[in-house]
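Each value in this text was obtained by applying a stated rule to the coordinates, not by laboratory testing. Since this is a predicted model, take the numbers as computed values, not measurements. Every residue, glycine as well, gets a Cβ built from its backbone with ideal geometry; the counts of neighbours run over all protein chains shown.
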Amino acid sequence: MKYHFLIYIYLFPLITLAQSSLQSAQNFYEYGELDSAINILNKVNVNKQNVNYVDALKAKIYGQKSYYTKALSLCDDSLLVSSKPSYLAIINAKGYLLEHQGFSYDAIQVILQGIRKFDKYKNNNEYTKLFIESYSLLGIAYWQTGAQKEANEYLKQALVLSKKLNDSILEANCNINLGLVNSSDEPFKAQVYYEKALKEYQKAFPNEDHPSVASIYINLGVIFQQNYFLPKAIEAFEKAASIWSKLYSNDHPNVAFAYTYIAEAYLKSNQVDLALEFYDLSLQLYQVTFGDKHPEIANIYIHLGDISYDQEEYKTALNYYQKAICSNSFQFKNEDPKANPEASDYLNPFINIVALQKKAEAFEKIHFTKTLKRNDLSSGIESLEAAHHVINKVRGTLRNEEDKIKLSEITNAVYSDGIRLSIELGIASVNANKWNEKAFQFMEWSKSATLLEAIQDTNAKTFAGIPKELIEKENSLHDEISAIEQGIIKSSSITERDSLENILFNTEQSLEELISDLEQDYPKYYNLKYNASVISLKDISNKISKNEALISYFISDVEELLYIFLVTDKGLNIYTENFDDDFKDEIISLESGLKFNFDEIILMSSKYLSSRLLPFYLNDAIEKVTFLLDGKINSIPMEVLFYESVGEIDQMNAHQLPFMVTKYSIAYNFSATLAYSEDSGNEQSESGNNIAFFAPVNFTDSTGSEIYSSLPGTLSEVREIESIANTQGWSTSTYMYKKATKSNLLSASKQGYKYLHFATHGFVDEESPNQSFIFLNGEEEEPNLLHASEIYNLELNSKLVTLSACETGLGKISKGEGLIGLSRSLKYAGVENSIVSLWTVDDISTALLMQYFYEEIVKGENISKALKKAKIKLIKGSLYSSPYYWAAFSHIGH
């Protein structure tokens, strides 16, 4: 898990100052000659025209000299003119000071308010540089808080504005920051940004006597270090330290910052003594400036803890990790490792998350190597619970789904440790059930938290009394954003793309402002939105029927273990399997066998995987199983596993083999909370059932050219199901050929169709899952693809949506969030149940399967059992008995 965040000291001219003395002070500030700059500023004749600029520059200088109290007092000067756009200079200075003290969230709020207040002056050349600085400061602050997408968007906007001014140094600064926020995910891209910036600075400052040159060397050093070019990394860090020492002083925090990186590089090269020496130097310098509380101080303590941990000095490591938490908290200062801070008490949340997790691992080592006391394991679990609550706080601050999904990925190890420690404590305890339930809770915390929050957001709007017009305005902005993103993908020139990205940025700003206003104006909405809780094992026990089982999987990548949670009305059982390379290879093998219709491979892999994915026998009362999958397991259907052991299998005799589907009704879901928060009652037929069908049949572009192969089988598929529905008195609407449009879908959703059936082509983009789509026709110049990003914004609220199309159940597998694709977007849109496919399906067998399925549905059968019966009918027939034909379609819901 990443926990070390660079703090880039952002320096460039704030604005072209009219008075030559102010410009001279600005130049001295740029070169790091802070005392000279202050001397000039103290002699300036301050008036209403320049007071904002003078005090803003003074505040930054005092911040550079680490006099933060004095600097912030200047930002509250009574002589300041807050109504003028130049006041943005003061707001930026305040944001800058907050950011460099470690208060990134406060900095974001301050700067956002300033931008919104003076937004209309953004394109006024007199104030453009102020907005460049605002966007740059926001970009770094968002990056420090884990909001990667927002960080990139603000920094790109800063770059766009700087290019308009044709100022190479301004562009270089923007490139530095863009390199910084991409340094972890795309290091080579970051290096290009840095080297481009360094080239411009070396032209302007051939003696490398500028603070920003030092920042570039720091960032290049980080890239070298990530790629284990350690001598080059140390050389770069030493250059940075030398420049900052020369410009500021040997005891400046920037020098300490460089020393920390030098120490880390020595540590990676196994020169522990040198590493400790530089960590100690850095720690002393930081403490002189900031006292005991600052994120960088906390980072050093974490490094020192890691050194002690590697040396098997676990108690010493534990104490260092606790010091890190104290240094990174506003109020908390209890150095007892068993104590934990409040969830919201942090400067940088990721530091607390990492320190809490490392504490838990140290407690675990102390238990097994020293004490064998159960209290050590329970203290570790308490630390991990505290980390979980911090993760929830961070998730609540992130607006973008991509960043929330990334948060789930980088924090998933917290839940893996929680499961392991809980199981270990259960083994060591008389009351094993209590700790097994705790393991289940950690597992459930890890499942689809972002999806659960989005659904909670929709429910919160319903119950908080938000006016309909505001909700419609938010939905409209979401639609605009989706349309602009599609336009960017299709853009044919850089100019067009840049223009659309600028429009996208402004639209996203409008959405961000609206959401912030809603949260502030409707406190009930805010509380409902961010107080979602996962279902407890006790609640599941009260809801689960005697004939039902819940099976949930959790893959621990580091330990290569698979945890399997089996829940029935009898209670919880946990199983552990080695998730080794053979296991992973067999999953890939089964997936390939199913996609390419190789019966021999299907049988061999199903036999191997059955004993590992189902290492138990279900009692005879069980009729229905709900699966919660994880990782690569998402790509295979559980229906093809065997519910009992089998001997040698010579050939595919599907009707004689113990496939799961022949005994159990099977459903899938994203989490137990989502599965059991929904209506799990009998889905009997109700009066007023209705269904709408969408089948383009032919797939052409605006010129009439075929872009996908025609699906003539879908015509008979829809007609047959329509006839079945009509015989039971269902209301039906059929949109075939050119009538299968988005506008008709929107009309159908407004009419409240309980069932929607799509017989069409689908495509899943595993790299960019929001660009996955199902094919619909368009009117005139409208697009004819319904993307996942658009489905998110629909209000379908249907009981069942069937995607009778290829691979609609696939997507990007995200650790902690599961499968991200069309099925997930349907859940966002309020769909209770969906039928999706895992591979390219046969046109005729699919039509037959759907016919059998709806014959059961219209009789009042529940969805999973109806699908089971339809599959068994195919199995009993001779033509489509192979799993290739019937196993592709899965029921997601409950």
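For region 442-541, what is the charge dipole size about the Cα centre, in debye to the nearest 20, if Lys and Arg each add +1 at the Cβ and Asp and Glu each add -1 at the Cβ? Taking the Cα centre of region 442-541 as origin, the dipole is about 500 debye. Counting neighbouring beta carbons within 10 Å and listing from fewest to most, the residues Ser282, Ser492 come out as Ser492, Ser282.
Spin-label model, Asp345/Asp580: points 7 Å from Cα along the beta carbon direction are separated by 4.6 nm.
Computed over the chain, relative contact order equals 7 percent, with contacts defined as Cα pairs under 8 Å that lie 6+ residues apart.
The chain has equivalent-ellipsoid semi-axes of 53, 34, 23 Å, by the square roots of 5 times the alpha carbon gyration tensor eigenvalues, sorted largest first. The alpha carbon gyration tensor of region 690-859 gives principal lengths a ≥ b ≥ c with a/c below 1.5, which makes the shape rounded.
Restricting attention to region 169-255, which chymotrypsin sites (Phe, Trp or Tyr not before Pro) occupy a DSSP loop and are surrounded by at most 11 other Cβ atoms within 10 Å? Passing both the DSSP loop test and the Cβ count: Tyr228. Rounded to the nearest 20 debye, the dipole size of the chain about its Cα centre is 1500 debye, using +1 on the Cβ of Lys and Arg and -1 on the Cβ of Asp and Glu. The stretch between Asp457 and Glu208, if pulled fully straight at 0.36 nm per residue, gains 84.5 nm over its current Cα-Cα span. Legend: residue pairs Lys156/Lys406; Lys447/Lys742; Lys149/Lys189, Cα-Cα distance threshold 22 Å; pairs beyond threshold, Lys447/Lys742. If I take R0 = 22 Å and measure r between the Cβ atoms of Gln331 and Glu402 in this structure, what FRET efficiency does the formula 1/(1 + (r/R0)^6) give, to the nearest 0.05? Using R0 = 22 Å, I get an efficiency of 0.10. If you take the square roots of the eigenvalues of the alpha-carbon gyration tensor of region 292-446 and sort them as a ≥ b ≥ c, do you get rounded (a/c under 1.5), prolate (a/b over b/c) or oblate? It comes out oblate by the Cα gyration axes. Relative to the longest principal axis of the chain, what angle (0 to 90°, nearest 10) does the C-alpha long axis of helix 87-100 take? Tilt of helix 87-100: around 80 degrees.
Placing pseudo-labels 7 Å out from each Cα toward the beta carbon at Phe188 and Leu79 gives an inter-label distance of 5.5 nm. By the count of neighbouring beta-carbon atoms within 10 Å, fewest first, Lys876, Lys529, Lys468 end up ordered Lys468, Lys876, Lys529.
Taking 0.36 nm per residue of separation and subtracting the current Cα-Cα distance, fully stretching the chain between Lys876 and Lys232 would add 225.1 nm. Selection among Asn152, Tyr87, Ala360 by position relative to the dipole of the chain gives Tyr87 as farthest towards the positive end (Cβ unit charges, Cα centre). Bridgeable lysines around Lys315 (alpha carbons under 16 Å apart, same-chain partners fewer than 8 residues away excluded): Lys323, Lys338, Lys358, Lys359, Lys365, Lys370, Lys373.
Legend: distances between Cα atoms for Lys404/Lys438; Lys546/Lys868; Lys163/Lys293; pairs beyond 30 Å are Lys163/Lys293. Quick one: check the C-alpha center-to-center distance for region 240-299 versus region 579-640, whole angstrom. Measuring centre to centre over Cα atoms gives 52 Å. For Gln284 and Thr700, the difference between the fully extended length at 0.36 nm per residue and the C-alpha to C-alpha distance is 142.8 nm. The H on the amide N of Asp251, modeled in the peptide plane, is under 5 Å from the matching H of no residue at least 5 residues off or on a different chain. Please list, by residue number, everything in region 567-611 whose backbone N is under 16 Å from a paramagnetic label point 7 Å out along Cα→Cβ of Ser545. Output list for this probe position: 568-570.
Rounded to the nearest 10 degrees, the inclination of helix 401-428 to the longest alpha-carbon principal axis of the chain is 70 degrees.
For region 182-291, just say rounded, prolate or oblate: build the C-alpha gyration tensor, square-root its eigenvalues into a ≥ b ≥ c, call rounded for a/c under 1.5, and beyond that prolate if a/b exceeds b/c, oblate if not. Oblate shape, in that a/c is at least 1.5 and b/c is the bigger or equal ratio.
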